[in-house]
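Peer 1: Would you mind keeping the following structure in view while I ask a few things?
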Amino acid sequence: MRVFVTGATGFVGSAVVQELINAGHQVLGLARSDAGAASLASAGTTVHRGSLEDLESLRKGAAAADGVIHTGFIHDFSKFAENCEIDKRAIEAIGSVLDGSERPLLVTSGLMTVAAGRRIATEQDADPPVSASYPRASEASAEALVKRGVRASIVRLPASVHGDGDHGFVPILIRMAREKGVSAYVGDGLNRWPGVHRLEAAVVYRLALEKSVAGVRYHAVADEGITLREIAAVIGRRLNVPVVGKTSEEANEHFGWFTDFAAADIPGSSQWTRENLGWQPKQPGLISDIDRPGYFEIK
């Protein structure tokens, strides 16, 4: 297939691009900058210049492809609502080109809000309704396209997508531990984060694209739930700092804006995904992956 990939130079998107190429697909990668274009070209990708805000570039990219994988999202949380609206419009623009065809579209979503406050989240659990407090409409936009006849489906990513180049949750904890002199968790530290290696997430995208089923959700989850105490222990040992539990009041002072994430219990299952895609993760799990020097290099 010739696959149009948004977010093609990102942490997950770049892994998706390489997975597709290795499997014999051709990739048309969205690039906003000259540096991004050069990176994609060196990876063997056909470059498509544009951005998530350039809707015409998205329509042209989708029109030139046999399928689309949308991993792009602007990760500036100071403008989260605005970036959610950009994401919504991007999905709608891509879908307008695929409407009435059999060409698949994979839309990226997160598992965190699905799992929050529930039992272990499964692929059958719906995303929270779009609201002022939760403005991300990725799944709602994909579901609206399905009702119009677009072969759209959803890939949910867990709280921690790890691997070389990680700049997500675990590096934030490492940075805080280095700055504060302690590696902390909230309460008893038994709240859980699901995880997946970025290369394993890429396999889920490829398999889902090739299966091309409309209206389903896939969970790219290898570790169902790793406790924050386990993660904090690795960080403390690697940085040679004490590992401590924080009360709710102390957590606010220690973690600041990250407190809700540090306290979140958000496990997720991928049993249905594994059964339906034949996916069997082979890359290192979260704990073994972060327990190496590369995760602790100052970047």
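Peer 1: Looking only at residues in segment 81-97 that are in contact with a Pro (Cβ under 8 Å, 6 or more places away or on another chain) and at pLDDT 95 or above, which one is most open to solvent (accessible area, probe 1.4 Å)?
Peer 2: The residue in question is E85.
Peer 1: Continuing with this model, one more query. Can you name every residue in segment 142-152 that is buried (at least 23 other Cβ atoms within 10 Å of the Cβ) and within 25 Å of A15 (Cα to Cα)?
Peer 2: If the condition is that a residue be buried (at least 23 other Cβ atoms within 10 Å of the Cβ) and within 25 Å of A15 (Cα to Cα), then A142, A152 are the ones that fit.
Peer 1: Do you know which residues across segment 1-46 are touching a residue at least 40 places away in the same chain (Cβ under 8 Å), closer than 19 Å to V196 by Cβ and open to solvent by 60 Å² or more (accessible area, probe 1.4 Å)?
Peer 2: Hit for segment 1-46 is Q18, nothing else.
Peer 1: OK, next. Could you check how many residues of segment 193-238 are closer than 18 Å to E123 by Cα, open to solvent by 40 Å² or more (accessible area, probe 1.4 Å) and of a type outside the set (A, V, I, L, M)?
Peer 2: Here the count works out to 5.
Peer 1: What's the number of the condition D127 fails, among (1) open to solvent by less than 40 Å² (accessible area, probe 1.4 Å); (2) assigned to a helix (DSSP H, G or I)?
Peer 2: Here D127 meets the rest and fails (2).
Peer 1: If you don't mind, another one. Exactly one of (1) open to solvent by less than 20 Å² (accessible area, probe 1.4 Å); (2) closer than 16 Å to L286 by Cα is unmet by A251. Its number?
Peer 2: Looking at each condition in turn, A251 falls short on (2).
Peer 1: Taking only segment 260-280 into account, find how many residues are part of a loop (DSSP other than H, G, I, E, B) and open to solvent by 40 Å² or more (accessible area, probe 1.4 Å).
Peer 2: 3
Peer 1: Could you count how many residues in segment 61-80 are crowded, with 17+ Cβ neighbours inside 10 Å and in a helix (DSSP H, G or I)?
Peer 2: The total comes to 2.
The values are calculated or read from the model by the stated rules, or taken from the named source; none is laboratory data. These numbers were taken from a predicted model, which means no experiment stands behind them. Here the Cβ is made from the backbone with ideal geometry for all residues, glycine too, and neighbour counts use every protein chain on show. Heads up: the accessible areas ignore ligands, DNA and RNA and are worked out on the full protein's heavy atoms, side chains in. Shrake-Rupley method; radii C 1.70, N 1.55, O 1.52, S 1.80 Å.
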